[in-house]
Amino acid sequence: MDVVNTDNEWTDEELEIAFQNKVDAEQRIEPKDWMPDRYRQTLIRQMSQHAHSEIVGMLPEGNWLTRAPSLKRKAVLMAKIQDEGGHGLYLYSATETLGISRDEMYEQLHSGKAKYSSIFNYPTLTWADVGAIGWLVDGAAITNQIALCRCSYGPYARAMVKICKEESFHQRQGYEIMMTMAQGTAEQREMAQDALNRWWWPSLMMFGPNDTNSPQSAQSMKWKIKRQSNDELRQKFVDATVPQAKFLNLRIPDDDLVWNEERKAHDFGEIDWVEFKNVVKGNGLCNRERLKARVDAHDGGKWVRDAALAYANKQKLRAVDAA
Amino acid sequence: MDVVNTDNEWTDEELEIAFQNKVDAEQRIEPKDWMPDRYRQTLIRQMSQHAHSEIVGMLPEGNWLTRAPSLKRKAVLMAKIQDEGGHGLYLYSATETLGISRDEMYEQLHSGKAKYSSIFNYPTLTWADVGAIGWLVDGAAITNQIALCRCSYGPYARAMVKICKEESFHQRQGYEIMMTMAQGTAEQREMAQDALNRWWWPSLMMFGPNDTNSPQSAQSMKWKIKRQSNDELRQKFVDATVPQAKFLNLRIPDDDLVWNEERKAHDFGEIDWVEFKNVVKGNGLCNRERLKARVDAHDGGKWVRDAALAYANKQKLRAVDAA
Amino acid sequence: MTDNNALFEYLLRLGDNSLILGQRLAEWCGHAPILEEELALTNIGLDLVGQSRLLLTYAAEVEGAGRDEDMLAFHRDTQAWRNLLLLEQPNGDFAKTIARQFFFDNFQYLQFEGLCQSKDDRLAAIAAKSLKEITYHLRHSTNWVLRLGDGTTESHEKMQIAIDELWGFLPEMFDMDEIDTQLLAEGVGVDLAALKPRWDEVVNAVLLEATLERPEDTWSVRGSREGKHSEHLGYLLAEMQFLQRAYPDAKW
Amino acid sequence: MTDNNALFEYLLRLGDNSLILGQRLAEWCGHAPILEEELALTNIGLDLVGQSRLLLTYAAEVEGAGRDEDMLAFHRDTQAWRNLLLLEQPNGDFAKTIARQFFFDNFQYLQFEGLCQSKDDRLAAIAAKSLKEITYHLRHSTNWVLRLGDGTTESHEKMQIAIDELWGFLPEMFDMDEIDTQLLAEGVGVDLAALKPRWDEVVNAVLLEATLERPEDTWSVRGSREGKHSEHLGYLLAEMQFLQRAYPDAKW
């Protein structure tokens, strides 16, 4: 570099070049490192959305917790939902390293400024939906998250490693519910097929817009926040899931789905992005309910948090007095 | 009378004698007639308790309204509960003729000053309980109420005539539920017997203490508020109900129950008055819940009543303005 | 789809609407804000359950599969139900119950008025009988919208919130799918889309008089005719169907 | 009653306690006041469901009638349940949930501590495993009683109301009936009445530190061991058992 910085302070431009060099060298960015503001904001948006999705994602499954059809299933589902809460907690903490508080993130969620995965705006109508969520929704999430394990931001990457392990456990459990039902009574089989019908396309939508319509992706790829494109990940998910559906003897609701020997991959139909946008916009069956559940829990719990704080303060004073 | 009342005003003593003469002559006392204060207070207590019982009595049956086992049963039960509300309304109005407002009566109920029939402090645990309440509780109520049709206070007597007709309809419906269950599956039969076991003794308690322990009864009999003693009415109920139970092939839970050929009546066991008092005192499974349901409905509905009042006042003003 | 299938489906929609709303009203039992209102809500609920019995009995006969009103009411799981999403929404406070009722009463009145002219005599007779009841329901809910909307500040706010919360469930009422279109063509059914202007007129007038704001059309949800319901219906059914499900061999 | 019947009944009481409270805690899912508390309540609920599985499985084996944990959990109607009345009471607000938990944790701790010495090895092993969990539950609920009782004025009031509302459900915990007496004599069961002084001691100390008042013993209800429950249990079961009841032939 030919700019002599007499104060030994780097210009933003220099810092950004150094930052990108580090990223390119596959070195991790850590909280105390300098990072471009847009990198920070992109991560905050993505990570908090991820955290919110874990928390909101407890609701559709929680809808069946009190109605789980066996004690074992109830225990397993409870453990799974607890894991999701743990992931949320972990991701909120990771996001806090970027300089935003959990309260601020909640506020963004509750005001509608921050999003959560739109898939949770669909209702769970039968027990098979719990299986389908585990199998497909967690399956799609893992596909995304495996890529994120190599994300350039250290805390996020580490969170993903930890979370991926548990998620793949969840996915197997979900698949096992589907298998039990697919091999069960006619009614159960019908529920399983119906759940697949309803959750298949929303799962594909989880990977985001097609690459041609994803303007932000290039920058995220350059920063190595994203390591694979939306369409690449979606393809991966489809290729992994089709044989699983076949094994269950269930039909994926896509007439255009076919193995492409040349590409060594499945071709599949066009995603209905109008439907996707419609749900994101607020016209999913559960948009209002999911948000209301979160807001009610938070607002309704204020007196509890106030009490905990007041008690902690009293305890501190007592410790001081005693000293 | 040898007291000359120059102001043409009667003394209380004179009034009371005239009142008792009228009662003795089987003439009805009407709201505008003079009556002894204790007569008024006794009636207010008894009639408001009766009204409260109709309203609180909606709760144990209402507990099964959303779970009624057929659409027909649901409709019939709904109609019955509506009738009970109507009885309550009618009885509150009749009591208001004695110079107490419905709000005052509610306040007495909610503060615990006024009672309702203690039988409603027992829970309805199965659908058979709905049958048992119709058969036994309404049956006991009718036995009481038939006697009250000849009560000296006109508005109360007339209310009883009207109510008795509907109640006997309810009783037949309840009996019919019991019959269906007694002739049903083993589980239904068990539910029917169990309901009889639980409701039999509380129904007998509905007639109040034994005559030997009922000090207020004599005065009520003299005023012809009461026309038959507690024990007479109870005997009547037992004699009417025993053959009904036999017809259902159900066993009344009383080892001492036996036909007494001499008395041409059934002998039956001692009532457990300790249990009775225990429940009245507040140790029934549902005492707190019944009262809470009423208080919550009333307090929670204040804004609705306020709105109705405010709107009515606005409408009045508008009518004035328009004139 | 044969004519019988279409008619069965059509009757199911009508019957399910009445039953699910009747069930929701039954939940108010013992908890209404005024004794007079306790009687009114029960009365309306009773009418609705009565309607559902006529409609589901007819539906079962049309289906001809040996089911009856109770089989249809107590042995169908969530996705087989055809009631409007609006009607399965929880009671909420009294304002929400009234808002739901007001929106539906207005719709059902127009719908059943049309059905009185149905070429299906039995359906026309059921509609004519029900229309008298609905006329009363409509008067009742309209009066309460006025009282609450133009009552106190508190009641006005609650009523406005209730209306806003339910607004997006309403467009579904006027949807016409294949079955609606078919039965309309046959002179059996009603043109639901065509009811909208009249519905708007009455609702707008009442909201205006009640000093309430008609919400913007910012969101809408649909799906009940394909069995896509909100998560509330499952709980309602678990409760409503418990006895029949638990003791399938019993007669009650 | 043979020994097996008594032991079956005894295990049912223990298992039903854990299951019904676990089910109530499951209702909090997604609605807890703090995320950390969401995890804690789910964790405790999970422990309780786990306990119930061990106990009901054992109960079913002792009964020897071909039932299993799920038959016991999903195919018994209200009156066949043996859980304490306290545990089926609705969650109410967070204070009520904590109060219910605190009273029961203290009881269950002492009960299971005793059961660790049971002559029935399997029951003793289950108790020993569970006791570790209960130790955590107890610490958790005790901490919250302190925080809420000695927190803000609002939390103090809510906590006191919760305690008052539940107080009359507590005496039932320490009742000894024939089965309890028999199993105590056999060295299998625990003297529940004898736990009362220690329970009182701990509860009194915590209430005092939390600046809460111990209510007067003005009322008490009982009956769960004879299947006499409050009306809440029926609704809980209708929800919990729906799938098994609706599809009795299915495996899940």
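Please treat every number below as a calculation from the coordinates, not as lab data. Just so we're clear, the structure is a prediction, and the values are computed from it rather than from any experiment. Cβ coordinates were reconstructed from backbone atoms using ideal geometry, including for glycine residues, and neighbour counts include every protein chain displayed.
What number, in percent, do you get for the relative contact order of the range B:133-179 if the mean sequence gap of Cα pairs under 8 Å and at least 6 apart is divided by its residue count?
Numbers: 41 pairs, mean separation 25.4, N = 47.
Here the relative contact order equals 54 percent.
In Å³ and rounded to a whole number, note down the convex hull volume per residue for the Cα atoms of the range A:151-261. Working shown, then result.
Numbers: hull volume 13.5 nm³, N = 111.
Value for the range A:151-261: 122 Å³ per residue.
7 Å from Cα along Cα→Cβ at both residue D:211 and residue C:216: what's the point-to-point distance in nm?
Label-label distance for residue D:211 and residue C:216, simple model: 4.8 nm.
When only Cα pairs under 8 Å and 6 or more residues apart are kept, what is the percent relative contact order across chain A?
Averaging sequence separation for qualifying contacts and normalising by length gives 18 percent for chain A.
Between exposed GluC sites (Glu not before Pro) in chain B, where DSSP calls loop and at most 15 other Cβ atoms lie within 10 Å, what's the longest gap?
Counting only loop sites that pass the neighbour cut-off, the longest clear stretch is B:27-260.
Using only the Cα atoms, what convex hull volume per residue in Å³ does the protein assembly as shown have?
Values: hull volume 294.9 nm³, N = 1150.
In the protein assembly as shown, the Cα hull volume divided by residue count equals 256 Å³.
Filter chain D for me: DSSP H helices, axial length by Cα at least 24 angstrom, mean Kyte-Doolittle hydropathy not below 0.0. List them by residue number.
Numbers: long enough: D:3-26 (34 Å, 0.05); D:35-63 (41 Å, 0.41); D:94-115 (30 Å, 0.03); D:121-149 (40 Å, -0.15); D:192-209 (26 Å, 0.46).
Helices passing the filter in chain D: D:3-26, D:35-63, D:94-115, D:192-209.
In this model, which of B:80/C:119; A:264/C:228; B:115/B:224; A:115/A:246; A:165/A:236; B:22/B:113 are farther than 29 Å apart at the alpha-carbon? Provide the component values of the computation, followed by the final result.
Numbers: B:80/C:119 36 Å; A:264/C:228 36 Å; B:115/B:224 22 Å; A:115/A:246 34 Å; A:165/A:236 18 Å; B:22/B:113 32 Å.
The answer is B:80/C:119; A:264/C:228; A:115/A:246; B:22/B:113.
Hey, with R₀ at 60 Å, roughly what FRET efficiency would residue B:211 and residue C:125 work out to, going by the Cβ-Cβ distance, to 0.05? Before the final figure, lay out the partial values.
Details: r = 58 Å, r/R0 = 0.96.
Here the calculated transfer efficiency is 0.55.
Rounded to the nearest 500 deg cm²/dmol, what is the calculated helix-only ellipticity per residue at 222 nm for chain B, with -39500 (n - 2.57) per DSSP H run of length n ≥ 4? Each step should come with its number before you reach the end.
Details: 14 runs with 206 residues, N = 323.
It comes out at -21000 deg cm²/dmol, rounded to the nearest 500.
Mind checking the range A:247-285 for trypsin sites (Lys or Arg not before Pro) that DSSP puts in a loop (not H, G, I, E or B) and that have at most 16 other Cβ atoms within 10 Å?
Details: sites: A:251, A:263, A:264, A:277, A:281; in loops: A:251, A:263, A:264.
Counting only loop positions with at most 16 other Cβ atoms within 10 Å, the trypsin sites (Lys or Arg not before Pro) in the range A:247-285 are A:251, A:263, A:264.
Taking every residue in B:56-68, how many Cβ atoms of other protein chains lie within 10 Å of its Cβ, on average?
Values: counts 1, 1, 6, 4, 2, 2, 8, 6, 4, 9, 11, 11, 8.
Per-residue shielding by partner chains comes out at 6.
Could you pull the copy-to-copy label distances for residue D:5, with points set 7 Å along Cα to Cβ, in nm to one decimal and sorted shortest first?
5.6
If you rank C:252, B:10, A:64 by fewest surrounding Cβ atoms within 10 Å, what's the result? Provide the component values of the computation, followed by the final result.
Working: C:252 19, B:10 15, A:64 25.
Taking fewest neighbouring Cβ atoms as first place, the list is B:10, C:252, A:64.
Answer with one residue from B:92, B:210, B:308: the one whose Cα lies farthest towards the positive end of the charge dipole of chain B, charges on Cβ with Lys, Arg +1 and Asp, Glu -1.
With unit charges placed on the Cβ atoms, the residue in question is B:308.
With +1 assigned to the C-beta of every Lys and Arg and -1 to the C-beta of every Asp and Glu, and no other charges, what is the dipole magnitude of the protein assembly as shown about the Cα centre in debye, to the nearest 20? The partial results should precede the final answer.
Numbers: 130 positive and 178 negative charges, 78 e Å.
The dipole of the protein assembly as shown has a size of about 380 debye.
P(r) of the range A:21-177 in 5 Å steps, Cα pairs, percent per bin?
Bin by bin from 0 Å, the calculated values are 2, 9, 18, 21, 18, 14, 9, 5, 3, 1, 0.
Work out, in µm²/s and without decimals, the Stokes-Einstein translational diffusion coefficient of the range C:58-154 at 20 °C, 1.002 mPa s, Rh from Kirkwood over C-alpha pairs. Intermediate results must be reported in sequence, preceding the final value.
On the way: Rh = 15.7 Å.
This corresponds to a translational diffusion coefficient of 137 µm²/s.
With respect to the symmetry axis carrying chain A onto chain B, which residue of chain A exhibits the smallest Cβ distance to that axis, and what is the value in whole Å?
Nearest residue, distance rounded to whole Å: A:67, 8.
Once Lys and Arg get +1 and Asp and Glu get -1 on their Cβ, which of A:60, A:240, A:77 lies farthest toward the positive end of the dipole of chain A?
Value computed over the given set: A:77.
How high is the relative contact order of the range A:180-323, in percent, counting Cα pairs under 8 Å that sit 6 or more residues apart? Let's see the in-between values first.
On the way: 79 pairs, mean separation 25.4, N = 144.
The normalised contact order for the range A:180-323 reaches 18 percent.
What does the C-alpha gyration tensor say about the overall shape of chain B? Classify as rounded when a/c is under 1.5, otherwise prolate if a/b is larger than b/c, or oblate.
Values: a/c = 2.18, a/b = 1.23, b/c = 1.78.
Oblate shape, in that a/c is at least 1.5 and b/c is the bigger or equal ratio.
Would you work out which of C:246, C:174, C:218 lies farthest towards the positive end of the dipole of the range C:163-252, given +1 charges on the beta-carbon of Lys and Arg and -1 on that of Asp and Glu, about the Cα centre?
C:246
Within 10 Å of each Cβ of D:235-241, how many other protein chain Cβ atoms are there on average? Intermediate results must be reported in sequence, preceding the final value.
Working: counts 7, 1, 3, 13, 7, 6, 6.
For peptide D:235-241, the averaged partner shielding equals 6.
Please sort by residue number the GluC sites (Glu not before Pro) in the range C:146-252 whose DSSP state is loop and whose Cβ has at most 12 other Cβ atoms within 10 Å.
Working: sites: C:154, C:157, C:165, C:172, C:178, C:186, C:201, C:209, C:213, C:216, C:226, C:231, C:239; in loops: C:186, C:213, C:216, C:231.
The qualifying sites are C:213, C:216.
Please pull out the direction-averaged projected area of the range A:31-124, using the convex hull of its alpha-carbon atoms, in nm² to one decimal place. Mind showing how you got there, number by number?
On the way: hull surface 26.8 nm².
For the range A:31-124, the mean projected area of the Cα convex hull comes to 6.7 nm².
Run the paramagnetic zone check for residue C:116: 7 angstrom along Cα to Cβ, then residues of the range C:196-221 with backbone nitrogen under 20 Å.
Residues C:196-203 qualify, since their backbone N sits under 20 Å from the label point.
If you count, for every residue in D:137-149, the Cβ atoms of partner chains within 10 Å of its Cβ, what is the mean? Show your work: numbers first, answer last.
Details: counts 0, 0, 0, 0, 0, 0, 2, 4, 0, 3, 9, 6, 2.
Across the residues of D:137-149, the mean count of other-chain Cβ atoms within 10 Å is 2.
By Cβ position, which chain C residue lies least far from the axis that rotates chain C onto chain D, and what is the distance to the nearest whole angstrom?
Spelled out as residue then distance in Å, it is C:245, 2.
Could you tell me the convex hull volume per residue, in Å³, taken over the Cα atoms of the range D:12-121?
On the way: hull volume 11.6 nm³, N = 110.
Enclosed volume per residue, from the Cα hull, is 106 Å³.
Note the distances from residue B:218 to each other copy's matching label point, with points 7 Å along the Cα-to-beta-carbon direction, in nm, sorted shortest first.
So the label point of residue B:218 gives 10.6 nm to the other copies.
Indicate, rounded to the nearest 5 percent, the antiparallel portion of the DSSP beta bridges found entirely in the protein assembly as shown. Before the final figure, lay out each step's value.
Working: 6 of 8 bridges.
Counting DSSP beta bridges with both partners in the protein assembly as shown, the antiparallel share is about 75 percent.
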